[in-house]
């Protein structure tokens with residue numbers, strides 16, 4: 001089982017047999033290998049993990065890790081900045097006013113019901129840094145394309161649905177051009 005820590009509620013603790021920290025493309029490949037061997041694997045970009053003497057051991061007798069998912073300073077800054085930009089744009093457009101209720105507290109990083117899997121097939125021009133190129137084509141495979149939030153290198157604060165739709169339309173246009181040029 002593959003667990004993407006970004007999909008867990010903030011502060012949730014889980015037990016896993018393998019934890020890959022700062023995964024990236026190589027970590028994703030490694031995670032797939034472990035999950036195919038029936039290990040519970042967790043991908044973690046930030047946060048922490050610890051070996052807890054009270055946790056169970058895996059089938060090889062190794063202690064399972066205890067994972068504490070939490071956001072980092074960049075996540076919090078990104079959320080606050082996104083809120084501020086939205087507030088400014090709503091006011092500028094004359095639609096109305098947006099009040100952001102922070103009360104000096106940090107924004108919620110993950111609100112239940114807002115989990116979106118992102119970053120598992122990241123987009124990057126360099127095949128060592130990502131799975132697909134800027135046209136959503138899998139590096140090294142001429143007829144395989146991926147469109148969805150998994151190609152986003154990072155997640156934003158808002159639901160990614162409109163960005164996914166825009167990406168899919170962009171890919172459809174690209175594929176149409178490819179097919180037209182190959183038919184000639």
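The values are calculated or read from the model by the stated rules, or taken from the named source; none is laboratory data. What you see is a predicted model; the values in this text were computed from it and never measured. As a convention, Cβ positions derive from the backbone with ideal geometry for all residues, glycine included, and neighbour counts pool all protein chains shown.
Listed here are the residues, each with its yes/no results for (1) assigned to a loop (DSSP other than H, G, I, E, B); (2) over 13 Å from the mean Cα position of the chain (by Cα).
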site: 125; (1), (2): yes, yes
site: 134; (1), (2): yes, yes
site: 142; (1), (2): yes, yes
site: 153; (1), (2): yes, no
site: 165; (1), (2): no, yes
site: 170; (1), (2): no, yes
For residue 143, only one of the following conditions fails: (1) surrounded by 11 or more Cβ atoms within 10 Å (Cβ to Cβ); (2) free of Cβ contacts under 8 Å to residues at least 12 places away in the same chain; (3) out of contact with any strand residue (DSSP E or B) (no Cβ under 6 Å at 6 or more places or on another chain). What is its number?
(1)
Please work out which residue is nearest to residue 158 (Cα to Cα), limiting yourself to region 53-74 and to residues that are modelled with pLDDT of 70 or more and either in a helix (DSSP H, G or I) or within 27 Å of the chain's Cα centre (by Cα) (or both).
74
